[in-house]
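Bear in mind that the values in this text are calculations on the coordinates, not laboratory data. Just so it is clear, the structure is predicted and the values come from calculations on it, not from any experiment. Glycine gets a Cβ as well: all are built from the backbone with ideal geometry, and neighbour counts include every protein chain shown.
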């Protein structure tokens with residue numbers, strides 16, 4: 001009987017550990033606020049973009065970033081997703097890490113980047129909300 005209780009407990013724990021984050025899949029609107037670290041008061045105007053997010057596509061990124069950046073090492077723990085990002089571009093490359101926490105129809109996250117060669121740090125704050133279903137493909 002004790003063995004059965006232990007096995008059921010382990011099964012429930014494993015099911016929770018492998019469950020995806022608390023995200024309501026669909027079309028999301030996200031606002032990204034960017035700050036240049038070390039340059040007092042230097043902020044880029046907030047930018048908003050829309051993206052379909054699902055349990056398989058949990059990293060928020062604009063279309064432009066998707067063309068120039070590669071997302072890798074995506075991991076999740078509970079409702080939080082973390083990743084590494086490497087970007088190329090005309091003016092050199094950037095790399096960094098991101099972290100987003102989902103709460104059903106909302107998300108909050110950060111992404112810290114370093115511009116290679118310039119030793120400049122960029123801090124992004126991401127806020128998002130689900131606004132509907134994804135358009136048909």
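Projected label points at residue 57 and residue 123, each 7 Å from Cα along the beta carbon direction, are separated by 3.1 nanometres.
Note on the stretch 60-137 and the stretch 25-50: Cα centroid distance 11 Å, given to the nearest whole angstrom. Each 5 Å bin from zero up to the one holding the largest Cα-Cα distance in the stretch 25-73 carries the following percent of pairs: 5, 18, 21, 23, 17, 10, 5, 2. Our analysis of the stretch 21-132 gives Rg over Rh at 0.96, with the two radii drawn from alpha carbon positions and Rh computed by the Kirkwood formula.
Remark on the stretch 96-137: ratio of C-alpha radius of gyration to 2.2 N^0.38 Å is 1.59. Modelled spin-label separation between residue 97 and residue 136, with each label point placed 7 Å from Cα along the Cα-to-Cβ direction: 4.3 nm. One decimal place: the segment residue 43-residue 75 gains 8.6 nm when fully extended, by the rule 0.36 nm per residue minus the C-alpha distance.
Put in order of Cβ neighbour count within 10 Å, fewest first, the listed residues 52, 87 become 52, 87.
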